[in-house]
Amino acid sequence: MDTETVLKIIAMLNEDIDRVTLNRADPLLKEWFRGYKYSLQRFRNHLQSYIESQVNQVENEMNRGE
């Protein structure tokens, strides 16, 4: 997957995470939003780890070239 695309997806996820509000009167709805937010955060973190592995790979290749 293209790194630029992944970064755009992460930015979109961050916006969605910021929009999720847990101030709901209905306890069931509150739990649903909590689970939704948690899922978005886990997906974002997974994509972020992909980016970090790509950066590490480039750094390792640069160090081998020295």
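Values quoted throughout were computed directly from the atomic coordinates according to the rules given, and no laboratory measurement underlies them. Keep in mind the model is a prediction, meaning the values are calculated, not measured.
Computed from Cα atoms, the angle from the helix 27-64 axis to the main principal axis of the chain rounds to 0 degrees. Taking the longest Cα principal axis of the chain as reference, the axis of helix 3-19 is set at about 20 degrees. Per the Debye formula on identical point scatterers at the alpha carbon atoms of the chain, with no solvent, log10 I(q)/I(0) at q = 0.24 Å⁻¹ is -0.96.
When shorter helices are ignored and each DSSP H run of at least 4 residues is given -39500 (n - 2.57), the per-residue value for the chain at 222 nm works out to -30000 deg cm²/dmol.
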